[in-house]
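Structure record follows, encoded as structure tokens.
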Amino acid sequence: MQRAAIYARYSTDGQRATSIDDQVRRAREKAVSLGYEVPEDLIFSDSAITGQEHGLAKRVGYQRFLDAFEKRQFQAVVVDELCRVDRDSLGIATLQDKIERSGIRFISTDGLDSNVPGWQLTFGLQGVMASHAIRETRHRVVRGMIGQLERGYMIAAAPFGYRMRRADGDAGTFWEKHETEEKLVGEIFALRRQGASFVAIARSLNERGIVSPRPSRKNNVPRYWRPATVRQLLGNTIYRGVFVWNGSAFAKAKAKKNHKELQSIEYQRPSLRIVEDDLWFECNKPSAHKAFRGGGKNILAGLLTCGVCHAKLTISSGGSALTAHCAQCSQAKRVGVADRTTRYVSIDSIKMMLTYVMEKLLSDDEISKFRALLREKLNQGQDGKIAEIRREISLKERTASRFLDLIGSAEIDDPILNKNYKEAISEKARLQAELSRIEAGLLNQDVASIERQLAINPTSLLPRLFEGSLPPERVRAVLSKLFPVIRLDDKPRKFIAKYHVEVSQGSIYAELSESNVVDEGIVELNLIVSGGAARPSCWIVSEV
């Protein structure tokens, strides 16, 4: 029996989490009625995520669905509505192209079917309507938000110093001052006017155990006051009794990205004033200081992560040699966060560690093992594919024969039987064409990649990476593929550091042969790099 995949999604526009269950139920019923089976591992979903382009990166289920689509793990896709898959015009056009090129059937419970002639027109119209619905919704939301502000209500979560309260009759929300936090806001402004730095203010708040208003977004790292949190608080105009529509840094950054100009509107909220205008403006004087962070030209910039807070390590050249450290942990230590420390590691020691890992994976034994794996994939790939297609052709022949017998024995013309018979014949013809293509020697891209990777010598990659002849950005791009994870887990004492490294062996061969990654396996290593005070440094790498 042919397999069908299901994709379901609900956004945040008033839909409930049970919407996923309802969509899957309707899609499964549709798939079964058309003769497909739906394995559990082919049901993909995303919850509370928009279907617009900016939400694509957050749609993990959709990314898994596309991956299964590219690998041809199913013969049909069933959705409740097209807009559940995508609401972006470009995304819908891309999906249509995938359907046309792959031959995978696309079905929706509201009548869309790519096996019906002229389906592209219906598909395109529904896509245009889905995209237009987003623009209409956005217009209504903006209109409603401005209306609420003009009526005296508030439209966002209350910042530090305030609490949200529902108006009588549920007509909107107000902000009210929070007595304890109001006093703290006043203290923060007073400290800043007295010359205290953002770091000093953050340290003071952390030492007093005051919870930061800014939640951590990564790996459940405990909340604490950061210098940036203090700076953003001081710059909020609501503390002088003014709410600015389109005044946030996020709104300005988004408008700049989209090449649009924002019109800011000020709404007076005198009841929410905490500080006077002169104090607010004094604490928000423009600074002539220009921040600078080094390391952008180094081949390892952006590739190293901290095992404590999971932030990217910063590369600097302030001492006698290049070093890397976690700026976020250093900042946390400066503001009094417990169990944080500044740990500097040598860039040369990291290069030595990566060289060790590559030499390990490029030893004669490892090369022989990987080539054997490639040959196995090559043989199984074509032979298995041909056998699978022949089985499917045989199944389609039997299915078409049964439908033909039923059509001949039926007393009246049955449109459903005729439709199913035509579908079986059409699918059989498609499979025969694919079989002919493969048997004629038109190998697919994966097979071509395997053959190219079998022909190269991977040991030639190692000297090219660290000899300095390639541009840093080129080396960085290669290393990011070879080493998905380079994490500094610990530095127990001077000249000793512990790392966790994940390396993609298949990427080494793909990079040298300029082909696709055939084997996506990851090798994980826990390593210790040790050295000494003698110069030049002699770094020793060992496995844990």
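No value in this document is a laboratory result; all are computed from the given coordinates. Computed from a predicted model, the values in this text were never measured in an experiment. Note that each Cβ is placed from the backbone with ideal geometry, even for glycine, and that neighbours are counted across all protein chains shown.
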* Asked: In what sequence do Lys30, Lys369, Lys377 fall when counting other Cβ within 10 Å, fewest first?
  -> Lys369, Lys377, Lys30
* Structure fact -> Relative contact order of the chain (C-alpha contacts under 8 Å, at least 6 apart) in percent is 8
* Structure fact -> For the chain, percent of DSSP beta bridges that are antiparallel (nearest 5) comes out at 70
* Asked: Against the longest principal axis of the chain, how steep is helix 364-409, in degrees 0 to 90 to the nearest 10, with axes from Cα atoms?
  -> 50
* Which longest uninterrupted range of the chain lacks any GluC sites (Glu not before Pro) assigned by DSSP to a loop state (not H, G, I, E or B) and surrounded by at most 14 other Cβ atoms within 10 Å? -> 1-260
* Rule-of-thumb Rg ratio for the stretch 162-282 [Cα; 2.2 N^0.38 Å; N residues] -> 1.19
* For Met164, Met154, what ranking results if the residue with the fewest other Cβ atoms within 10 Å of its Cβ goes first? -> Met164, Met154
* Asked: When Leu461, Leu313 are ordered from fewest to most other Cβ atoms inside 10 Å of their Cβ, what list results?
  -> Leu461, Leu313
* Residue among Phe281, His325, Val518 farthest towards the positive dipole end of the chain, charges placed on Cβ -> Phe281
* **Size of charge dipole - the chain - debye, nearest 20, with Cβ of Lys, Arg +1 and Asp, Glu -1, no other charges** => 2480
* Structure fact -> Which of (i) 30.1; (ii) 34.2; (iii) 27.6 is the computed mean projected area of the Cα convex hull in nm²? It is (ii)
